[in-house]
Amino acid sequence: MTEVITLLGSNLAMLVGVMLALWAISITLKDVSFIDSFWAFGFILVAGLSFVLTPDGAGARKLLLLGLTAIWGLRLGGYLFWRWRKEGPDKRYVALLKHAPGNVHWHSFKFVFMMQAVLLWIVSLPVQLGQISATPAALGPVAFLGAALALTGIFFESVGDWQMARFKGDPANAGKVMDQGLWRYTRHPNYFGDACVWWGLYLIAAETQAGWAAIIGPVVLTGLLVKWSGAALLERRMKRSRPEYEDYIARTSSFIPMPPKSGDLS
């Protein structure tokens, strides 16, 4: 129990400290949008610190959790940082801070940086608890299933983001709805991929005595992606700005990839 408390406490303290530094940078930049890229990079920091703080953990499981987290985080964080530099401030954060009561910097501190620190800490529970010394030490079939699911998620998220970037980069597509490639089978291949990654990491961790309790991590992430800040928020904005989005909703699965409904046979 002491090892768990030390591990979780150290990671939370690290995240709070990093978020304080990023908050100070946001005041200088007058923009908080870069926090999205750190959301991905932050998981690598948590996985890395957990690796260092669990010297008695099973080496193969620790390396698998750290390696998959690093691949996912570097790809996503790099993409989000590139998008921020290319497109500028995120409209979601601009709207949030525009209507902030009281001091805008204090509002961003509480509801952007500290909230993300806590959420990141919770979602990352699989890569924290999964690295603690536990039985069994060897990777089993559930861990290999988890690795396959995580790699599938990285594929979906990477290809979905690449397809969307190409679509938005073509001036002929201005104002249109992206419904090609993976986006033909799910309205949110990137969010679906994200969920797969963290459910996969959870399966890797769940073979251990401590790791199975980390299920709150992927549950919270899936809720964020589907109901709160992810798909639901994006779709409300798309319905307002693109009337044809309703037709896209009618024929395309909301989250889990499925064949498009009849009427879209092109």
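Please count how many residues of the range 139-148 are touching a helix residue (DSSP H, G or I) at 6+ places or on another chain (Cβ under 7 Å) and either in a loop (DSSP other than H, G, I, E, B) or among the charged types (D, E, K, R) (or both). The number of residues fulfilling the criteria is 1. Count of the range 51-66 residues, restricted to those that are out of contact with any helix residue (DSSP H, G or I) (no Cβ under 6 Å at 6 or more places or on another chain), of a type outside the set (A, V, I, L, M) and surrounded by 13 or more Cβ atoms within 10 Å (Cβ to Cβ), is 3. Counting only residues that are crowded, with 20+ Cβ neighbours inside 10 Å and hydrophobic (A, V, I, L, M, F, W, C), which one in the range 122-148 is modelled with the lowest pLDDT? The selected residue is Ala134.
Pairs linking a residue in the range 88-100 that is closer than 16 Å to Gly230 by Cα and surrounded by 11 or more Cβ atoms within 10 Å (Cβ to Cβ) to a residue that is modelled with pLDDT of 80 or more and of a type in the set (Val, Ile, Thr), with Cβ atoms under 6 Å and 6 or more positions apart or on different chains, are Tyr93/Val32. In the range 71-87, the residue that is farthest from Ser158 (Cα to Cα) out of those that are in contact with a Phe, Trp or Tyr (Cβ under 9 Å, 6 or more places away or on another chain) and surrounded by 15 or more Cβ atoms within 10 Å (Cβ to Cβ) is Trp84. Considering only residues in the range 23-46 that are free of Cβ contacts under 8 Å to residues at least 12 places away in the same chain and within 18 Å of Val94 (Cβ to Cβ), the one that is surrounded by the fewest Cβ atoms within 10 Å (Cβ to Cβ) turns out to be Thr28. Candidates are the residues of the range 215-266 that are among the aromatic types (Phe, Trp, Tyr) and under 23 Å from the mean Cα position of the chain (by Cα); the one that is farthest from Leu129 (Cα to Cα) is Phe255. Does the range 166-181 contain at least one residue that is surrounded by fewer than 17 Cβ atoms within 10 Å (Cβ to Cβ), closer than 21 Å to Arg92 by Cα and among the charged types (D, E, K, R)? Yes. Among the residues of this structure, Val127 counts as one that is part of a helix (DSSP H, G or I), in contact (Cβ under 8 Å) with a residue 24 or more places away in the chain and of a type in the set (Val, Ile, Thr).
Only residues that are of a type in the set (Gly, Ala, Ser) and either touching a residue at least 24 places away in the same chain (Cβ under 8 Å) or on the phi < 0 side of the Ramachandran plot (or both) were counted in the range 101-120, giving 2. Taking the criterion of being among the acidic types (Asp, Glu) and either more than 20 Å from Asp247 (Cα to Cα) or free of Cβ contacts under 8 Å to residues at least 40 places away in the same chain (or both), the residues of the range 155-212 that qualify are Glu157, Asp161, Asp170, Asp194, Glu207.
If the condition is being aromatic (Phe, Trp, Tyr) and surrounded by fewer than 17 Cβ atoms within 10 Å (Cβ to Cβ), then the range 151-165 contributes Phe155, Trp162.
The values are calculated or read from the model by the stated rules, or taken from the named source; none is laboratory data. All of these numbers come straight from a predicted model, not from anything done at the bench. Glycine also receives a Cβ, built like all others from the backbone with ideal geometry; neighbour counts cover every protein chain displayed.
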